[in-house]
Amino acid sequence: MYSSRKIGLLLVAVVLAAACARASAAEPGHFGYGSVATPAQIAGWDIDARGEDGTGLPPGKGTVDRGADVYAEQCAACHGTFGEGEGRFPKLVGGVGSLRDERPEPTVGSYWPFAPTLWDYINRAMPMPAPHTLSSDDVYALTAYILSLNDLVPAEFVADRNSLPKVKMRNRDNFIWTDPRPDTTAKPCMNACVNAADVRIASTAEGRNLTPRTTGPLDTMQPK
Amino acid sequence: MGRRSFLGLGAALTGSLALGGKPAIANPAQESPPADAPWSQSIGAGVVDRPYGRPADSEASVIRRNVPWLTAGTESSVSFSPLQELHGIITPNGLFFERHHAGWPSIDPAQHKLMIHGLVERPLLLTMKDILRFPQTTRVHFIECPANGGMNWRAAQMNSLQFSHGMVSCAEWTGVRLSTLLEEVGVKKEAKWAMVEGADGAHMNRSLPLDKCLDDCLVVYAQNGEALRPEQGYPLRLVVPGWEGNVNIKWLRRIKLGEKPWHSREETSKYTDLMPDGMSRGFTWLMDAKSVVTFPCPEKPLDGPGLYEIRGLAWTGNGKVKRVDVSTDGGVNWQAARLHEPILSKALTKFTLPWRWDGRPALVASRVVDETGYVQPTIAQLRAQRGSNSIYHNNSIQTWQVKPDGSVFNVQLA
């Protein structure tokens, strides 16, 4: 038979559990801080375009020819006249078929899986000294030009929100989007794990002369 | 130098010369340690001489450093933390490694806002003042660039602890749980992913699964008790515990919920791992368990045979470090090192092991086992799975070669 004291405790526990459940999933607006973002405010900030299907690409369009002009003015100084890359700035073309080589060259042509991602990246991050200052049309034009430099679209291609998601990128099907790790397994052996006679140094950083100084002022070592 | 101390120095010099270099015995004070160096016989600098403190002048070499030949400029580049000079699990704010994609911006916190929108019931625009009102959470977590060790994929290249492992740092972060903010806006049931975006020139953006956002992510404004440094995302950044540095968006300004991932440039063209068969792995966010001996190391050689304490750091994106083993013979035999408290989840953990060095060549290495049982692999094991062109996620065992003269070199074993 339950005592009233036990029933009382049970009730307290039930009430507490309900309160905890509520606290762990507060209703929207529970704190009430900040202001509700208006559609106009959201529209001003909502700049992303999704790579796979182009969701979020804005109205507008751009031709390969127009892109060549914008490119010469805004991009060529770093990325080279034909996308070959100046110095250590990224190459935008080439490397097709190189991904299994000793020295692969991942570029828009050889590596990028989705064309709308190119629009999104140019729009948000380029040109590097003045990011997100180009018009949507000019970003479309640049996208068309870079795709054409990589022989991914014909010279008469017009980039817009409908055409970009349809561009077949060479490396599109060569990504695995689920992480297969852990891909190594080992038992933490403690004694006589390898034959001491087999312990051999395969490579050493000694004498490579690649390491900047780690004392004194910052190193100013330049490319070799 | 005052007249009295000058006279004292003169007397000491005369004394030692007179005795032909043998210890002076005339004056007992000269047999003791230098209790009366110049700084003990003068008055020091006052309070607020340095209103915001800085390290001792003699520590001027303890700085972040970059590899000038690695990147086209310093704005889209990386600097490395001087792990060889650090003694704890917390990285001082001025030494936390940097990775910027468009330089670090100077943001006026009064103008900075965070927008949360997309598949939510109640899209919000939050000021820094608003964010500071939410319930606070403080946690210690490491952040590691997945390219840490990337220069050693092909072979041992960087003869330095700072340049081989310095893209990891650890701090105490304070802010609000991302789950709290997402409850405040109300997540619609179709939402499965979040796009997080920075206010820097790169407008750096990444996709994160909603489950991770609701699990342990933090939106933080403080680092080691003070406001974030601009290099670390002032005034607001995301901390995604245990996951690759790049998703810990700095200068956080927008979170958008959606049904599918965005496949931004930083998660397709970069931060994907190219395998030998030409396939690439994407969305490899987790930082696997890793450890490194921080003493001895190339920057900190040994000073003759004798008793030393091997010291190091271990960490894992899976949770807590369970064990660290140390070998001094290239992995033939291992000994369990001592783990030092606190052992925190997804934070740097310190280990030590006493070692009597006999002056003979040695190969010093550490191997971590984390609480999931995952064992830190050798570089040979990693290469067998991934080749040497995957750039990211090199968490292999680091071997330091100790030569008879005590000098230390970065090597890789066959």
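For the subset of the stretch B:76-97 comprising residues that are open to solvent by 30 Å² or more (accessible area, probe 1.4 Å) and not in a loop (DSSP other than H, G, I, E, B), which member is farthest from the other protein chains (Cβ to nearest Cβ)? Restricting to residues being open to solvent by 30 Å² or more (accessible area, probe 1.4 Å) and not in a loop (DSSP other than H, G, I, E, B), the top hit is B:GLY94. Once the stretch B:35-69 is narrowed to residues that are within 30 Å of B:LYS270 (Cβ to Cβ) and in contact with a Ser or Thr (Cβ under 7 Å, 6 or more places away or on another chain), the residue that is farthest from the other protein chains (Cβ to nearest Cβ) is B:ARG64.
In the stretch A:168-181, which residues are within 7 Å of chain B (Cβ to nearest Cβ) and in contact (Cβ under 8 Å) with a residue 60 or more places away in the chain? Within the stretch A:168-181, A:ASN174, A:PHE175 qualify. Looking across the stretch B:251-269, the residues that are within 9 Å of chain A (Cβ to nearest Cβ) and in contact (Cβ under 8 Å) with a residue 24 or more places away in the chain come down to B:ARG253, B:ARG254, B:LYS256, B:GLY258, B:LYS260, B:PRO261, B:TRP262, B:HIS263, B:SER264, B:GLU266, B:GLU267. So how many residues does the stretch A:27-50 have that are surrounded by 15 or more Cβ atoms within 10 Å (Cβ to Cβ) and either over 28 Å from the mean Cα position of the chain (by Cα) or more than 30 Å from A:LEU118 (Cβ to Cβ) (or both)? Going through the stretch A:27-50 one residue at a time, the tally reaches 5.
A quick yes/no check of all residues on (1) in contact with a helix residue (DSSP H, G or I) (Cβ under 8 Å, 6 or more places away or on another chain); (2) among the small types (Gly, Ala, Ser):
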| position | (1), (2) |
| --- | --- |
| A:PRO104 | no, no |
| A:TYR111 | no, no |
| A:ALA115 | yes, yes |
| A:TYR121 | yes, no |
| A:ARG124 | no, no |
| A:SER136 | yes, yes |
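Taking the condition touching a helix residue (DSSP H, G or I) at 6+ places or on another chain (Cβ under 8 Å), outside any loop (DSSP other than H, G, I, E, B), crowded, with 16+ Cβ neighbours inside 10 Å and facing chain B (nearest Cβ under 7 Å), does A:TYR145 pass? Criteria not met by A:TYR145. In summary, strands (runs of 3 or more DSSP E) completely within the stretch B:311-376 and bearing 2 or more residues that are open to solvent by 20 Å² or more (accessible area, probe 1.4 Å) occur at B:321-327, B:338-340, B:349-357. Would a scan of the stretch A:34-49 turn up a residue that is part of a helix (DSSP H, G or I), within 11 Å of chain B (Cβ to nearest Cβ) and among the aromatic types (Phe, Trp, Tyr)? Checked against the condition, which is being part of a helix (DSSP H, G or I), within 11 Å of chain B (Cβ to nearest Cβ) and among the aromatic types (Phe, Trp, Tyr), the stretch A:34-49 yields at least one hit. Which of the residues that make up the stretch A:52-78 are away from chain B (no Cβ under 14 Å), free of Cβ contacts under 8 Å to residues at least 24 places away in the same chain and of a type in the set (A, V, I, L, M, F, W, C)? Residues satisfying the conditions are A:ALA72, A:ALA76. Candidates B:LEU382, B:LEU353: the one that is more than 10 Å from chain A (Cβ to nearest Cβ) and of a type outside the set (Asp, Glu) is B:LEU353. Each residue in the stretch A:123-141 was checked for being out of contact with any Lys or Arg (no Cβ under 9 Å at 6 or more places or on another chain) and within 14 Å of chain B (Cβ to nearest Cβ), and 9 pass. Taking the listed residues A:GLU52, A:GLU86, the one that is in contact with a His (Cβ under 9 Å, 6 or more places away or on another chain) and at pLDDT below 95 is A:GLU86, with no other qualifying. Checked against (1) in contact with a Leu (Cβ under 7 Å, 6 or more places away or on another chain); (2) away from chain A (no Cβ under 14 Å), B:SER179 passes all but condition (2). Set side by side, the residues B:GLU197, B:GLU226 differ, and just one is under 27 Å from A:THR117 (Cβ atoms), of a type in the set (D, E, K, R) and out of contact with any Gly (no Cβ under 6 Å at 6 or more places or on another chain), which is B:GLU197. Among the residues of the stretch B:110-125, the ones that are surrounded by 21 or more Cβ atoms within 10 Å (Cβ to Cβ) and free of Cβ contacts under 8 Å to residues at least 12 places away in the same chain come to 0 in all.
Is it the case that A:THR81 is more than 7 Å from chain B (Cβ to nearest Cβ) and open to solvent by 50 Å² or more (accessible area, probe 1.4 Å)?
In short, yes.
Checked against (1) within 19 Å of B:SER388 (Cβ to Cβ); (2) among the hydroxyl-bearing types (Ser, Thr, Tyr); (3) not in a loop (DSSP other than H, G, I, E, B), B:THR284 passes all but condition (3). Is it the case that some residue within the stretch A:199-221 is small (Gly, Ala, Ser), within 30 Å of B:ASN66 (Cα to Cα) and surrounded by 18 or more Cβ atoms within 10 Å (Cβ to Cβ)? Yes: the stretch A:199-221 contains one or more residues that are small (Gly, Ala, Ser), within 30 Å of B:ASN66 (Cα to Cα) and surrounded by 18 or more Cβ atoms within 10 Å (Cβ to Cβ). Of everything in the stretch B:385-414 that is within 7 Å of chain A (Cβ to nearest Cβ) and outside any helix (DSSP H, G or I), the residue that is most open to solvent (accessible area, probe 1.4 Å) is B:ALA414. Pairs are defined by a Cβ separation below 6 Å, a sequence spacing of at least 6 or placement on different chains, a first member in the stretch A:182-197 that is in a helix (DSSP H, G or I), and a second member that is of a type in the set (A, V, I, L, M); the pairs so defined are A:ALA196/B:VAL332.
Can you name every residue in the stretch B:287-298 that is part of a loop (DSSP other than H, G, I, E, B), open to solvent by less than 20 Å² (accessible area, probe 1.4 Å) and of a type outside the set (A, V, I, L, M, F, W, C)? Result: B:ASP288, B:PRO296.
Those helices (runs of 4 or more DSSP H) of the stretch B:141-243 in which at least 1 residues are under 26 Å from A:ASP48 (Cα atoms) and free of Cβ contacts under 8 Å to residues at least 24 places away in the same chain, considering only elements entirely within it, cover B:178-185, B:210-215. Being out of contact with any Phe, Trp or Tyr (no Cβ under 8 Å at 6 or more places or on another chain), open to solvent by 10 Å² or more (accessible area, probe 1.4 Å) and farther than 26 Å from B:ALA347 by Cα holds for only one residue in B:ASP277, B:ASP211, and it is B:ASP277.
The values are calculated or read from the model by the stated rules, or taken from the named source; none is laboratory data. Since the model is a prediction, treat every value here as computed from it, not as a measurement. We place every Cβ from the backbone using ideal geometry, glycine too, and count neighbours over all the protein chains shown. We work out accessible area using only protein heavy atoms, side chains counted, and drop any ligands, DNA or RNA first. Shrake-Rupley method; radii C 1.70, N 1.55, O 1.52, S 1.80 Å.
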